[in-house]
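Below is one structure, written out as structure tokens; the observations come after it.
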Amino acid sequence: MAGTAASIATIPSHESADEAEPLARNAPPRVRWKRTLPYVSVLIVVGLWQIIGSHINPILLSTPSATVAAFGHMISNGQLIPAFGTAMEDLWVGFGLAIVVGIATGVLMGRSEVAERVLDPYINFFQATPLIALVPLVVIWFGIGFEARIATTFILAVWSIIINTFVGVRSTPSALIDVASVYKLNRREIISKITLPNAVPYIFAGLRIALGKALIGMLIAEMEVSVTGLGGLVVNYGNSFRTAYLLAGVFTASAVGVIGVILLNLVKRWFFPWVNATTAEGVRY
Amino acid sequence: MVAPVIEVSHVGKRFWQGKRGAFLALSDVSFDVRDGEFISIIGASGCGKTTLLRMFAGLTAYDSGELKIRGQLVRGVPDGIGFVFQAPALLPWRSVGDNIALGLSAVRSTLSEGELKGRVAAQIELTGLSGFENSLPHELSGGMQQRVGLARALVAEPKVLLMDEPLGALDAFTRMRLQEELAAIVARTGATTVFVTHDVDEAVFLSDRIVVMDRSPGRLKQIVDVPFDKPRQRREFIGDPRVAELRDLVLGLVTADLLLPRQPDASREASGRSLG
Ligand SMILES: Nc1ncnc2c1ncn2[C@@H]1O[C@H](COP(=O)(O)OP(=O)(O)O)[C@@H](O)[C@H]1O
Ligand SMILES: [Mg+2]
């Protein structure tokens, strides 16, 4: 493996939350109270926010109750749902394109040393560049509409997917390549039956990272490029100093990210049930 | 007289190990394997057993001598072979049944969907995997995983079955049980079999002949006949004093160099010297 690209990739690991669950359920009561700590902690912070926020200028901090009220108001006045829809659309079209292009490029680089050596410098360059700085260029190329927002989301997300797919394909155990040789799989079958499935755990780890970046890209585009969707809401309410509304928009954007992570995990569990099991247990090669 | 199924004549292999120079992994190995024969290759670790077996399967190229399987010079993977790997090398994302079906890839185009399913089902039955068709590999024990590896190798009904320490990683009981099943299955298919092992008892119990190898450089030491009838019943077999004698002979051959003071390594050549 020649590329420094490899060193940037994330090796899949199982999520601690999945594992803590069964342990804690069987844990003695003495240990169980610790599980309530996150809730207690959040309650205390929200409480403090409420108290402090109601004693200072509402523009600075607002309060949880005002934020919830703003949230309800934005739903009833028909602002929030369309903004949420626009954000979801921007995110998933851009992220979806990044998935397709990222996996295809990663597989190409993984299977062909020529492609790897040709593409490696650009992958490293874009991985290291603060891509936000390219947003003005995106505007020059794509204008200020839907296409520009998609492009912004895409360029932030695609690199992690390329790199992780590449590393996943390259990490195919040589024993499995031997199996493919002995049973005379052709090039296409080796990709579809061996190297691509082998890369799936790596790809999912890459998608988790890429989703976070896509979310940033989507919001930046909605704030700076088009002023629409959730990013647009946040900017407009910020400009008019309506902090509670601004925060309600921010929390809705968090929800978009959380929904994305949940969807990824569901896809993983439904279609690739072996992913966590095999990285944890290890099937011998 | 029928031609041998595998003909090994003066086969040699050098590996280039970077700065450490050329390493002579096999030197002038010659022997034949007859049709339907069960041959074991035994020898200390590093004597080139795996290298030799991989050559039979076309996975490693030899660089001197000649190697023929069923009359054909080996270039690339020969037709009609099955290979059982030391670690089962199963695809973690495929069910047991689908892993076994992979063994039919080369002949896939000649089979209908029904025939394919039938062959896999029959193989599952034969290798004692009934009820596990839909399990994923990580749900199986090591012994069961190796059964899947065996089933995958056998499903295309290979004329030549190559196995690289297939039982090496298993516990003693599983191992003995699988030895017996293996003997029965191989007898039933009539496949010519080359079985790599480092276990003397296993080699004696299963084989018609045992090829004992030596190392530094990897070479043939002696071929030992195991002239006992098959099928073999383990208890009578172990109790037979002639078997015990043969076992001691093989053990002596295999361990001879371990008991001697270490010889200078004749397989190593100074780097930079021509490979000749
Ligand atoms: N691909 C390779 N490159 C360099 N050296 C190798 C390679 N494969 C095997 N060898 C060397 O050849 C020797 C024989 O290896 P192997 O056939 O695996 O032995 P065995 O299976 O009898 O333990 C070992 O010393 C090993 O280090
Ligand atoms: Mg070996």
* Elements of type helices (runs of 4 or more DSSP H) in segment B:112-198, at least 1 residues being under 15 Å from the mean Cα position of the chain (by Cα), away from chain A (no Cβ under 12 Å) and more than 16 Å from ligand 2 (Cβ to nearest atom) -> B:142-154, B:172-189
* Exclusive hit being among the small types (G, A, S) and surrounded by fewer than 20 Cβ atoms within 10 Å (Cβ to Cβ), set A:G231, A:G257 -> A:G257
* Asked: So how many residues does segment B:96-111 have that are over 13 Å from B:A151 (Cα atoms) and part of a loop (DSSP other than H, G, I, E, B)?
  -> 1
* To do: State which residue is nearest to the other protein chains (Cβ to nearest Cβ) when the search covers only segment B:16-55 and only residues that are within 8 Å of ligand 1 (Cβ to nearest atom) and of a type in the set (S, T, Y).
  => B:T50
* Return the pairs, sorted by first residue and then second, in which the second residue is open to solvent by 30 Å² or more (accessible area, probe 1.4 Å), the first residue lies in segment B:154-181 and is acidic (D, E), the beta carbons are less than 7 Å apart, and the residues are 6+ apart or on different chains. => B:E157/B:T189; B:D164/B:T50; B:D164/B:Q86; B:E165/B:Q86; B:E165/B:H198; B:E180/B:R234; B:E181/B:G128
* Asked: Is segment A:159-179 home to any residue that is surrounded by fewer than 17 Cβ atoms within 10 Å (Cβ to Cβ), within 20 Å of A:T105 (Cβ to Cβ) and basic (K, R)?
  -> no
* From B:S30, B:S40, grab the single residue that is surrounded by fewer than 16 Cβ atoms within 10 Å (Cβ to Cβ) and at pLDDT 95 or above. => B:S30
* Asked: Given (1) more than 21 Å from the chain's Cα centre (by Cα); (2) part of a helix (DSSP H, G or I); (3) in contact (Cβ under 8 Å) with a residue 60 or more places away in the chain, where does A:W141 come up short, assuming only one miss?
  -> (3)
* To do: Could you grab me the full set of residues in segment B:89-129 that are surrounded by fewer than 21 Cβ atoms within 10 Å (Cβ to Cβ) and among the β-branched types (V, I, T)?
  => B:V107, B:T110
* To do: State yes or no: is B:V211 outside any loop (DSSP other than H, G, I, E, B), away from chain A (no Cβ under 14 Å) and within 16 Å of ligand 2 (Cβ to nearest atom)?
  => yes
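Do you know which of the residues in segment B:56-68 that are within 13 Å of chain A (Cβ to nearest Cβ) and either part of a strand (DSSP E or B) or surrounded by fewer than 21 Cβ atoms within 10 Å (Cβ to Cβ) (or both) is nearest to ligand 1 (Cβ to nearest atom)? Even if it seems obvious, please write down each step before you answer.
Here is the first cut: in segment B:56-68, the ones within 13 Å of chain A (Cβ to nearest Cβ) are B:56-61.
Next, only the ones that are either part of a strand (DSSP E or B) or surrounded by fewer than 21 Cβ atoms within 10 Å (Cβ to Cβ) (or both) stay: B:58-61.
Numbers: B:G58: 15, B:L59: 10, B:T60: 7, B:A61: 11 Å.
The selected residue is B:T60.
Take B:A89 and decide whether it is of a type outside the set (D, E, K, R), at positive phi, within 16 Å of ligand 2 (Cβ to nearest atom) and within 14 Å of another protein chain (Cβ to nearest Cβ). Give the steps one after another, and end with the answer.
On the way: of a type outside the set (D, E, K, R): yes; at positive phi: yes; within 16 Å of ligand 2 (Cβ to nearest atom): yes; within 14 Å of another protein chain (Cβ to nearest Cβ): yes.
Yes, satisfied.
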* Asked: Within segment B:71-79, is there a residue that is surrounded by fewer than 18 Cβ atoms within 10 Å (Cβ to Cβ), touching a residue at least 60 places away in the same chain (Cβ under 8 Å) and either assigned to a helix (DSSP H, G or I) or not charged (D, E, K, R) (or both)?
  -> yes
* Matching residues, segment B:34-72, being within 23 Å of A:K184 (Cβ to Cβ) and within 16 Å of ligand 2 (Cβ to nearest atom) -> B:T50, B:T51, B:L52, B:L53, B:R54, B:M55, B:F56, B:A57, B:L59, B:T60
* Asked: Cβ-Cβ below 6 Å, separation at least six or inter-chain, first residue in segment B:92-106 and more than 10 Å from chain A (Cβ to nearest Cβ), second of a type in the set (K, R) and open to solvent by less than 20 Å² (accessible area, probe 1.4 Å): which pairs?
  -> B:I100/B:R152
* B:V120 is checked against (1) among the β-branched types (V, I, T); (2) free of Cβ contacts under 8 Å to residues at least 40 places away in the same chain; (3) within 25 Å of A:T172 (Cα to Cα) and fails just one. What number does that condition carry? -> (3)
* Taking segment B:1-15, which residues are crowded, with 22+ Cβ neighbours inside 10 Å and within 16 Å of ligand 1 (Cβ to nearest atom)? -> B:V8, B:V11, B:K13
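The values are calculated or read from the model by the stated rules, or taken from the named source; none is laboratory data. Quick caveat: nothing in here was measured; it's all calculated off a predicted structure. Please note: Cβ atoms are built from the backbone with ideal geometry, for glycine as well, and neighbour counts cover all protein chains shown. Surface accessibility is based on the protein's heavy atoms, side chains included, excluding ligands, DNA and RNA. Shrake-Rupley method; radii C 1.70, N 1.55, O 1.52, S 1.80 Å.
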